[in-house]
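**Student:** One structure coming up, written as structure tokens, with questions to follow.
The values are calculated or read from the model by the stated rules, or taken from the named source; none is laboratory data. If you're wondering where the values come from, they're calculated on a predicted model, not measured in any experiment. A quick note on method: Cβ atoms are made from the backbone with ideal geometry, for glycine too, and the neighbour counts reach across all protein chains shown.
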Amino acid sequence: MLVFTSDIPSFEYMLNDQREARITNRHIFTQPHTGMWVRTLEYIGDGQVHFETGAGVGESEQRYHMRSYPCWAVPDWIISFDNVMTVWVDDGTTYTVEFSRDLGGSKSPKVLAKNDYILIMTSGRSDDLQNLGGHTDNRAYLQIGNKDNTDVHVEMDITLDTDNTGYIELQKAYADKTTYKYYNGTRTEDFNTGYFELRYEPHGKDAPEIWKSQDNIFLDVWLGPKRTTITPQPTTTTPPPTTVTTPKPITTPPKPTDGPYCKCGVDKFGFPVDWKYNDIWLDV
């Protein structure tokens with residue numbers, strides 16, 4: 001996987017095994033496939049922690065601000081369906097995290113604790129997720145303790161590109177497979193459960209269209225009473241993503257030639273013929 005940036009940050013390559021990172025400046029978390037999680041372990045200082053999608057320096061290098069929090073209000077878990085996420089902290093602040101690309105499954109979900117606060121987000125600019133029409137396991141499997149029933153409060157802020165017919169899907173229980181779909185706008189859901197799933201199902205895009213997708217999705221989840229936080233504010237370093245009503249000027253990338261990852265035949269599962277998950281991916 002190749003990531004372009006004009007400066008030299010610290011890189012953390014995601015593995016299934018859990019690892020720790022101590023962030024005192026800027027870290028880029030990356031992997032060739034979509035889906036990763038970061039768990040807050042410790043913070044020192046009074047500054048803010050900033051979460052962004054992509055790498056580089058500012059929007060000119062395809063890095064976009066997502067959320068910022070004062071240290072004391074940072075979520076316990078941050079789950080992203082992107083494959084490149086930048087995390088940086090203000091001067092004098094240290095943020096220690098645990099991280100992995102393993103989002104689990106229905107038989108091996110992430111085990112959370114009562115009173116945890118989880119942020120699930122994605123920018124929609126993740127290449128293999130949309131280019132393969134959503135044919136990846138792009139969902140968060142979440143279990144509370146030993147499936148201990150708890151009041152769950154979910155606040156959704158969903159912005160889908162004008163040409164995106166995708167949706168967010170919620171399954172509120174383990175045994176009951178009933179799912180609920182959500183589209184553009186804001187929505188609040190309250191339910192009681194010991195297990196639930198949240199899924200991002202985007203509309204597939206051609207390779208040259210991925211980088212300018214205007215999807216922006218934030219799912220704030222509280223297990224128990226909603227925690228008091230300060231409303232996240234955009235930073236001056238990287239302004240928030242533009243919306244579909246104010247599109248950014250874009251330069252059309254060159255039309256790709258036929259190859260194994262674009263404009264090629266797909267098998268019955270929607271994957272390119274002869275595609276292998278561990279092949280090298282190029283992200284720009």
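**Student:** Given the condition in contact with a strand residue (DSSP E or B) (Cβ under 6 Å, 6 or more places away or on another chain), part of a loop (DSSP other than H, G, I, E, B) and small (Gly, Ala, Ser), answer yes or no: does some residue in the range 49-58 qualify?
**Tutor:** So the first thing to find is which residues in the range 49-58 are in contact with a strand residue (DSSP E or B) (Cβ under 6 Å, 6 or more places away or on another chain), and the list is 49-55.
Among the residues that remain, those that are also part of a loop (DSSP other than H, G, I, E, B) are: 54-55.
Add one more test, that the residue is small (Gly, Ala, Ser), and what stays is 54-55.
Looking through the range 49-58, at least one residue is in contact with a strand residue (DSSP E or B) (Cβ under 6 Å, 6 or more places away or on another chain), part of a loop (DSSP other than H, G, I, E, B) and small (Gly, Ala, Ser).
**Student:** Further question: For residues in the range 144-177 being farther than 15 Å from Gln214 by Cβ, assigned to a strand (DSSP E or B) and of a type in the set (Ser, Thr, Tyr), which is modelled with the lowest pLDDT? First the steps, then the outcome.
**Tutor:** The initial filter retains those residues of the range 144-177 that are farther than 15 Å from Gln214 by Cβ, namely 144-156, 167-177.
So of that shortlist, the ones also assigned to a strand (DSSP E or B) come out as 144, 150-156, 167-171.
With the extra rule that they be of a type in the set (Ser, Thr, Tyr), the set shrinks to 150, 167.
Numbers: Thr150: 96, Tyr167: 88.
So, considering only residues that are farther than 15 Å from Gln214 by Cβ, assigned to a strand (DSSP E or B) and of a type in the set (Ser, Thr, Tyr), the one modelled with the lowest pLDDT is Tyr167.
**Student:** Separate question: List the number of the failed condition for Tyr141; all other conditions in (1) at pLDDT below 95; (2) in a strand (DSSP E or B); (3) surrounded by fewer than 16 Cβ atoms within 10 Å (Cβ to Cβ); (4) hydroxyl-bearing (Ser, Thr, Tyr) hold.
**Tutor:** All conditions are met except number (3).
**Student:** Which ones in the range 26-45 are part of a loop (DSSP other than H, G, I, E, B) and either at pLDDT below 90 or surrounded by 22 or more Cβ atoms within 10 Å (Cβ to Cβ) (or both)? If you could, list the steps in order and put the result at the bottom.
**Tutor:** Residues of the range 26-45 part of a loop (DSSP other than H, G, I, E, B): 31-35, 45.
Selection gives Gln31, Pro32, His33, Thr34, Gly35.
**Student:** When Leu129 is evaluated against the numbered criteria (1) surrounded by 23 or more Cβ atoms within 10 Å (Cβ to Cβ); (2) among the aliphatic types (A, V, I, L, M); (3) more than 18 Å from Arg19 (Cα to Cα); (4) modelled with pLDDT of 90 or more, which criterion, by number, is the only one it fails?
**Tutor:** So the condition that Leu129 fails would be (4).
**Student:** Something else about it: Specify which of the listed residues (Asp163, Asp176) is of a type in the set (D, E, K, R), in contact (Cβ under 8 Å) with a residue 12 or more places away in the chain and surrounded by fewer than 16 Cβ atoms within 10 Å (Cβ to Cβ). Talk me through it step by step, then tell me what you get.
**Tutor:** Details: Asp176 fails: in contact (Cβ under 8 Å) with a residue 12 or more places away in the chain.
Just one listed residue meets the conditions, Asp163.
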